[in-house]
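Notes follow the structure.
Nothing in this text is a laboratory measurement; each read-out follows from the coordinates by a stated rule. All figures in this text were calculated on a predicted structure; none of them were measured in a lab. We place every Cβ from the backbone using ideal geometry, glycine too, and count neighbours over all the protein chains shown.
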């Protein structure tokens, strides 16, 4: 059984419905679980929740915004309880091509050590098409970057390849991967939870791959816009947490220096708050590093 989780938070009009419709009509998915952090999904989806032809659509509503990682975990647990062997995680601001699951499932079936397979994400607004992500890498300051971002789609983005990290925007997980990693670390709220999960999974021996023949069209951070300056705060804070948990001493030093340099630029108060909170949480993340236990 293949299920999909869509985490949503107050999306623009029509966006969530388009995402759900594309997943259902794209085929290959037996269950779509929408985790609603904004208490809008039931009204927005309406009669779509009554689907029975081949794919069920369910909404799990939260009385508060749980954050992306915690919301995704709610959906994962529902899908695993329903018997899913594979679970896709999708943003609410995207739509998928027909048969998008076929290359992802073929890769999973070919290699039992693949914990996650990512499709190629293209920017929905771009013409000609431009790449949003074919994987994720970290720079020398611990900042996560989408591979290929803003490059024209073409021959360089045709072949499947192993990747070190995946984006949480669109990715297919194996059930055993979610079980052994214990899913996302929920206290990160938003940003870098996918980096953390990928690195924890890699320590357990899991591998990842990008299958560009599976295509997803992404609008990009449509829901996160409503968070305003908090977006920058979470990105900065969580970058420092990821460095403390996974980075080398030299990369942690470079990452902290970058945060200090950013205090010279607006919004200074946001950068300062992120630096303080990031440093305050670093001992906890270093403790996780020392434990090196499954899911830590």
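Just a few scattered comments:
- Beta bridges assigned by DSSP with both partners in the range 2-225 are antiparallel in approximately 45 percent of cases.
- Degrees between helix 15-26 axis and first principal axis of the chain (Cα, 0 to 90, nearest 10): 50 degrees
- Identified option (computed volume of the Cα convex hull per residue in Å³; candidates [x] 188; [y] 129; [z] 157): [y]
- Working from label points 7 Å from Cα in the Cα-to-Cβ sense, the residue 269 to residue 207 distance is 5.0 nm.
- Segment residue 199..residue 110, full-extension length gain: 29.8 nm, with 0.36 nm per residue of separation and the alpha-carbon distance subtracted.
- Mean Cα-pair separation over length for the range 228-291, i.e. relative contact order, pairs under 8 Å, 6 or more apart, %: 50 percent
- Using the Cβ-Cβ distance between residue 13 and residue 151 with R0 set to 30 Å, the FRET efficiency from 1/(1 + (r/R0)^6) comes to roughly 0.45.
- Helix 101-110 axis, angle to the chain major axis (alpha carbon atoms, nearest 10°): 70 degrees
- Degrees separating the helix 193-203 axis from the principal Cα axis of the chain, which is the longest one: 90 degrees
- A protection proxy built from the mean count of other Cβ atoms within 10 Å ranks the segments 26-33, 78-85, most packed first, as 26-33, 78-85.
- Mean Cα-pair separation over length for the chain, i.e. relative contact order, pairs under 8 Å, 6 or more apart, %: 19 percent
- Taking label points 7 Å from Cα along the Cα-to-Cβ direction, residue 43 and residue 248 give a separation of 5.3 nm.
- Cα-projected label distance for residue 30 with residue 182, points at 7 Å along beta-carbon direction, nm: 2.8 nm
- The chain: most fluctuating residue of 219, 271, 187 per GNM, C-alpha cutoff 10 Å: 187
- Helical content of the chain, expressed as a calculated mean residue ellipticity at 222 nm, amounts to -12000 deg cm²/dmol (DSSP H runs of 4 or more residues, -39,500 (n - 2.57) each, divided by residue number, nearest 500).
- Coarse-grained scattering of the range 228-291 at q = 0.19, 0.24 Å⁻¹, given as base-10 log I(q)/I(0) from a Debye sum over alpha-carbon atoms: -0.64, -0.94
- Using C-alpha pairs below 8 Å separated by at least 6 residues, the relative contact order for the range 119-262 is 31 percent.
- Gain in span if fully extended, residue 287 to residue 61, counting 0.36 nm per residue against the direct Cα distance: 78.0 nm
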